[in-house]
Structures are given as structure tokens and as C-alpha cells.
Amino acid sequence: MEFDVSALPVTYQLHGKVLVVTIDSPPVNALGVDVRRGLAAAIDHARTNDAAHAVLVVGAGRAFIGGADMREFGKSPLPPALPDVCNRIEACPKPVIVAIHGAALGGGLEVALAAHYRLAVAGARLGLPEVTLGLLPGAGGTQRAARLMGAEAALSLMLSGRHVDVQEARKLSLVDRVGQSDDVLAEGLAYAQELLASRAPVRRTRNAQGLADRDAALAAVAAARADTVKKSRGLLSPLKIVDCVEAAVNEPFETGMRFERSQFLECLDSVQCAGLVHAFFAEREVQKAPETKNAMPRSVVTVGVVGGGTMGAGIAVAILDSGLPVTMIERDDASLARGRAHVERVYDGLIAKGRVTPEAKAKTLTRFTGSTSYDALAQVDLVIEAVFEDMAVKQAVFAELDRVCKPGAVLATNTSYLDIDAIAASITRAQDVVGLHFFSPANIMKLLEVVVPKQVSSDVVATAFGLAKKLRKVPVRAGVCDGFIGNRILGVYRTAADHMMEDGASPYQIDRAVRDFGFPMGPYQVVDLAGGDIGWATRKRRAATRDPKARYVQIADCLCERGWFGQKTGRGFYRYAEGARIGTPDPEVEAIIAAERERAGITPRNFSDEEIIRRYMAAMINEGANVVYEKIALRPLDVDVTFLYGYGFPRYRGGPMKYADTVGLANVLADIREFAKADPLFWRPSPLLVKLVERGAKFSSLNGME
Ligand code: 3H9
């Protein structure tokens, strides 16, 4: 061996006749090259050491093994490969037992499946989540899981990527025993000694009989394939997982392993895998804002919400669901009753879906109180204002908060556009004011923009990040500007879409092209869902400051003038039958568009779906670059996470900035310059994009994580 075994993060030590092999590679014992080498060396040692009669593998720290080391993806792999390590474990002539605590995921579970006996203690989470990374289990997982659990259960585990707890793992035959205590080493040792005492044989998963009923297994494969074709929306790996299980049914183990390997490598090499792995790391990276490193969060045990409209009620529910109490403030009794009714309606919806019991709702609502007096907020630790989007109204609320709140209370605004610096400057404690921009429905949407005004103190920002964690939201740090990260960029690509609509593409074609790209909805469906009146109000607010030379498409205003605000009024860009959430194209809207084209002197032209996406994405990417250039977003990855969690951007493309890297920044810039020939005012290349292209660099070079 050309490496020093003693320096590897895997150690082994005899406990009686059991060789205990400990993997100690924080944070999650991922299977990087040194762990693979260490495991292989430990098994080799066990084979040749006469004193060792059995092997027990455990993980140190918080997990058994969190999977393959994803930081190695894309680099040239160093031997031994994980499938070889697993084969070596399985081939060991002495019983190999694993004792699992914490995560045994992906490659981690594959190591466990290659062992001869498996024990897990309470709190362990087992799974093959590779599909969520655009991969398939590539170290024998598809072949061994199918043989151990049967085709149907293995397919369900691998296609969902879900984690199962110990009890379910036992039911699924993934583990042989559930430990009585959480002392994983003691439990593992006791089990190993028991197996030795009973002379339990070496038992190899490759010989398990889960596929013995071949017809049933093939029927499960066929059913999974039909379902996957319907649901996988262009994703590569789910169908390949089905193919691998089919190979497990039809082929000998070694042939199945070779097939799995070839399919795994194809997935690993795909743009989809790169996008999903980027999303995984990016969503962890956004949590590490500078303020969270250099400041201690303030304690938050009570929260106030000002405003009981849809947003305020949604925020109240998000907070109640995290276990904290909420005091809601409204201006009068009737408004407060409406606010409470909004909150109750959210829970009633969950009861109707069977997700919450009436008892749980009643219990949760004991933490909800309401008042029409700001004085009720005198002792709360944090207040979130969610009143009407108007500077004077917001400043009046903040004046009241300034009057009543205790010193040190965090004062947050949920504004989506307004200047938070101006709100902060209007009171005596600007250092306590922060933006918490929730997305609707606030109890469901994962994104939380933490907007950081100039004068805020670091511990307030750290508190906001802490609250996001408690609410199970994904926080993204944003600077102050009109629309922050998400809505500012949205404004620009929506405008690009409006230009295309006026130039000849129908809103229905644009929506379809955007859905085909991977978004759950197109931009005009989103307008209809959110309510056209919201954007209309913003457009009116901005009318005075709009560049008179900039192109302005009036179609959306024409619809709003008719009271067509979308789903809530039964028509918008689409028509909605009573209670329907999916609309149908509306010839009257098409007539309005035609009239507007004529008024603007435009002869409509055809757009291909490809051109629609190129323009839509170029606008999104260019404004994303501006947002990074102006330091509104810390890095390109913050823009990516904003779009993945707040705007339905397809995760397998990694976010708009990752997507731009994939298609090539030079291509995006060339598109923008081409589009600029007709409209140079709208299509102005971002200085950051130009700079990166000149350097031949990618957005990812600014992420600090590659
Ligand atoms: C695979 O296994 C392929 C094989 O089938 C085939 C091979 C041939 N690699 O989430 P956390 C880092 S594919 C590298 O905050 P938690 C993570 O980035 C893999 N790094 O903690 C973070 O770093 P930092 C299949 C990893 O306690 C730190 O660990 N496996 C990996 O909330 C803590 O992470 C999966 O899909 C990794 N595999 O949750 C499991 N995992 O501190 C992916 C984590 O610098 N991992 N890190 O920000 C998870 O689901 C969770 O991390 C886990 C812990 C449940 C393990």
C-alpha cells in the first residue's frame, strides 16, 4: 500500500474476539477516499488476524455514514472504488456486523447492505436518497436492496429517496435487530458476541431470496416503470433505477453490478446530477451568512405579528407550527376576528386533508392570542409586521412598535419591495430593524429572505437566521433594494415575457414553454394565482419613476382595469370555472392582446419555445448577475437558492446561475447582445457577466465552495 494506514480516519481494535472498526471522519463519515482505504485495510486486517472472529463496523460522531463524499464528484476517482470496498466486506470469511446510529444513507446504507448482519439503534435514519441527487445507488445498492427487500419495497425506497426510521427499517428487513439502548457500540458488541456464540454463519446479501418470486418482481418493475414515466418529468435517474432492479431480477449478481455501475457513471456525468448536487451544498451554504459567524442570536420565545391578512395569518401559522406563541395585532375587533379566522382556515384545510386533528388544532391555538392594542406587544422578543404595502402605513406601525416594545426586541418587516432603510431610519432603534420576507403561502413556502438594512446590528441578523431554522425555512441573506433578490429579478424576466407576448407569443405558449423547462407554473399562471392586482399596484407605484423611454406593455393593466385579477375573480390571463384552479385560455384575452399589439404598431411574429426560454433565462441571469454585482446577494448561489425555494426553479438545473454556467456565460452574453440590437435599453449586459466572460470564468468561481 502506498499510503500510511495509521493516518486514515478508520481505526480498528479488538474487543475480545470482535474487531471493532470505527469510521471517524467528521462531519458525517462520508465515504471519501481515505475512508474507503481505511475500510478496505480494516477488512484485510480482519481476514488475516486469527484473534478476530468477527468484525463490527460503527461510525463515530453523529452518524454511521452519510453516503459517498459528494465533494469528490466530478474529480478523478481514486481507488478503491466503493463497489469494490463493499464487495470486499461481503466476501469477508468472518461475520461482519454493522451497528447503525444517525444517518446510514446512500453509500452508507450500501456498506451496511454488504455486511452480513445489521443492527440499528433508535434515531437512526436509513435510506437510498441518490435519486434526489440525480443518481442511483452505485455501490451495489440496487442489486442488494432488491434481493434483500424484494423489488417493490426496494423500488419504493430508491425512487422516493425517503429516509426510514428504525422500526420501518426492521419491517422492511433492512436491519435484523433494533438496539434496546442508544449505546451503539455496546449494542453492536452484544449482538456480535451473540452471533459468535450461536455460530451464526456468514450470510451474504447477494444470495438473499427477495426476488425468488420472479413474476411478482417483474410485475413490480413494470408498475414502477409506468408510474415513473408519468412522474419523473425528464429526470434521468428514476428510470435507470427501475432498469437496474429489472437487471437484478433477470441477471446474475455480477452482471447486475456491471450494469448498475455503467448506469451510475452515466448519471454522475449528467448536468442534472451537477445541478442537484449544487443545490444540496448551496442550500447549506446560505445558512452561513457572515453575521451568523460573528454574533450570538438574541433569545426568541414570544413573537408578535402585526396584520391578520393572508400574509400575516400565514406567518402566524408558520410560527405557531414551530411551537412558539403568537400575539396578533389588528386595528379593530372585526379585523382581528378576520385575522383569527384566516389562521383557523389554514388549520381547517389541514384537517380536511387529514394532516392535522381537530384536537391538535385546538391545542396549537392555545398559543395564539390577539389584541387591538399594541401594548400587548410590550414583552414580545420579536415582532413581524405584515400590514398593507405602503410606506406611510408601515412607518406608522413601526412608530407604535418603537413606543411599546421592550429594549432589544427585534422589529421585522415583511415588506416585499419597500425601502427598509427608510423604515429603520424613521424610529429610534434602527439597529433592531430587519426584513423578514416570507413567500405566500407563508406557512408552506420554504424561502425566507433575510433583508439586512444598513444600520442593523449583527445579532439581529443572526436572530433572523436562528428563527428561520426554527421555522424550518431556508434563509437567504439579501441587501436592501426594490424587490430584494427574488422579486427584483422576477420583475425583469416578467418584463421580458411581456415583451414577447406583445411581440407575438401568446401567454399560453410562454407558460407552456416555461413549464416544459421545468417550472411548475408559467409566469401568467403565477400572476393569476397571486392576484393581478398586486403587480398592478406596484406598477402604479413605480409609474412616476419609470424611464419614459423604456418599453411598457399595457396588457396586464388592461386586464386589471376590467377587474380580471386571476383565480379569485374567475378570470385573469385565463378563465376559471367556479372553484377551478386550472384555467383555460381565453379568446377575449387574446383579442385584448391583439388590440394592444395594434395600438403599439407591432406586427406579431412567431416565437419558438426555445427562443422564449433563451430570452426568459437571459433576463433572469442578467439581473441575477446585477444583484450579485451590487452585493444585494452575497454570491451567485444565494440567487440560486432564492429561485429554487421561492420561485419554483427546477432543482435539477441547480438555479439560474448554475444553469448559466451550464449553458456557458459567453453564450448568455451573446444572446443578450443580440437581443439588445432591438431594445438596447432593456438588454444591458450586467458588468459582472461581461467581466466573467472576459476572464473565461463561471459564476461558480464566486461561490467559494467549489
Ligand atoms: C451516494 O452515496 C452515491 C453512492 O450510492 C454510490 C457511490 C459509488 N458528502 O446536512 P448537514 C456535509 S450519494 C459530503 O448540515 P445534518 C454537509 O455539506 C450520497 N459532505 O447535517 C455539511 O457540511 P458543512 C448519498 C456531506 O445533521 C455537513 O456535512 N447521501 C455529505 O442536518 C453537515 O450536513 C446523501 O444523499 C456527503 N454525502 O444532516 C445524504 N453529507 O458543515 C446527504 C453531508 O460544511 N446528507 N455533508 O455545511 C444528508 O442528507 C445530511 O447531510 C445528513 C446529516 C442526514 C447526513
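FYI, it's all coordinate maths here, none of it is from the lab. Given the structure is predicted, the values throughout are model-derived calculations rather than measurements. Positions of Cβ are generated from backbone atoms using ideal geometry, with glycine treated the same way; all protein chains shown enter the neighbour counts.
Amide H to amide H, with H built 1.01 Å from N, Arg571 comes under 5 Å of Phe565, Gly566, Tyr576, counting only residues 5 or more places away or on other chains. 3J(HN,Hα) along segment 14-21, derived from phi through the Karplus expression 6.51 cos²θ - 1.76 cosθ + 1.60 where θ = phi - 60°, amounts to 7, 10, x, 8, 9, 8, 8, 9 Hz, with x in place of Gly and Pro. Overall, segment 174-225 carries a charge dipole of about 400 debye about its Cα centre when +1 sits on the Cβ of Lys and Arg and -1 on the Cβ of Asp and Glu, all other atoms neutral. Give the angle, between 0 and 90 degrees and rounded to the nearest 10, that separates the Cα long axis of helix 333-352 from the longest principal axis of the Cα atoms of the chain. Helix 333-352 sits at roughly 30 degrees to that axis. Rounded to the nearest 20, the size of the Cβ-charge dipole of the chain about its Cα centre is 400 debye, with Lys and Arg at +1 and Asp and Glu at -1. Converting phi to 3J(HN,Hα) with the Karplus coefficients 6.51, -1.76 and 1.60 and the offset θ = phi - 60°, segment 197-213 yields 4, 8, 6, 4, x, 5, 10, 9, 4, 4, 9, 5, 9, x, 10, 4, 7 Hz in sequence order, with x at every glycine or proline. The Cα atoms of segment 70-176 define a convex hull whose projected area, averaged across directions, is 6.7 nm². For a straight C-alpha distance cut-off of 15 angstrom, the aspartates and glutamates reachable from Lys94 (same-chain residues fewer than eight places away being disregarded) are Asp44, Asp50, Glu194. Looking at segment 238-288, none of the chymotrypsin sites (Phe, Trp or Tyr not before Pro) sits in a DSSP loop with at most 11 other Cβ atoms within 10 Å of its own Cβ.
Global size of segment 300-478: 15.2, 47 Å for Rg and Dmax (C-alpha atoms, Rg to one decimal, Dmax whole). DSSP loop (so not H, G, I, E, B), at most 13 other Cβ within 10 Å: list which chymotrypsin sites (Phe, Trp or Tyr not before Pro) in segment 466-520 pass both filters. Here no loop site has a sparse enough neighbourhood.
Per residue, the chain reaches -15000 deg cm²/dmol at 222 nm when only DSSP H runs of four or more residues are counted, each adding -39500 (n - 2.57).
With both residues required to sit in the chain, DSSP beta bridges show an antiparallel share near 25%. Going Cα to Cα from Lys549, which lysines come in below 25 Å? Please leave out same-chain ones fewer than 8 positions away. Excluding near neighbours in sequence, the set is Lys540, Lys677. Among the trypsin sites (Lys or Arg not before Pro) in segment 671-706, those located in a DSSP loop and surrounded by at most 12 other Cβ atoms within 10 Å of their own Cβ are Lys677.
Partner lysines whose Cα lies under 17 Å from the Cα of Lys231, excluding those fewer than 8 positions away in the same chain, are identified as Lys240.
Per residue, the convex hull spanned by the Cα atoms of the chain measures out at 185 cubic angstrom. Over all pairs of different C-alpha atoms in segment 131-249, the reciprocal of the mean inverse distance, the Kirkwood hydrodynamic radius, equals 15.7 Å. With contacts taken as Cα pairs under 8 Å and at least 6 residues apart, segment 300-478 reaches a relative contact order of 21 percent. Among His342, His101, a tally of other beta-carbon atoms within 10 Å of each Cβ gives an order, fewest to most, of His342, His101.
Taking the number of Cβ atoms within 10 Å of each Cβ as an exposure proxy, the fewest-first ranking of Val98, Val249, Val461, Val10 is Val249, Val10, Val461, Val98. Across segment 655-668, computed HN-Hα scalar couplings (Karplus, 6.51 cos²θ - 1.76 cosθ + 1.60, θ = phi - 60°) run x, x, 6, 5, 4, 4, 4, 5, 7, x, 5, 5, 5, 5 Hz from first to last residue, x flagging Gly and Pro. I'd like to know which of Leu365, Tyr417, Leu436 lies farthest towards the positive end of the charge dipole of segment 300-478, counting +1 on Cβ of Lys and Arg and -1 on Cβ of Asp and Glu. Most positive-ward Cα: Leu365. Under a 5 Å amide H cut-off, with hydrogens placed 1.01 Å from N, Val175 pairs with Arg170 among residues at least 5 apart or on other chains. Each DSSP beta bridge with both residues in segment 1-110 is either parallel or antiparallel, and the antiparallel ones are about 35%.
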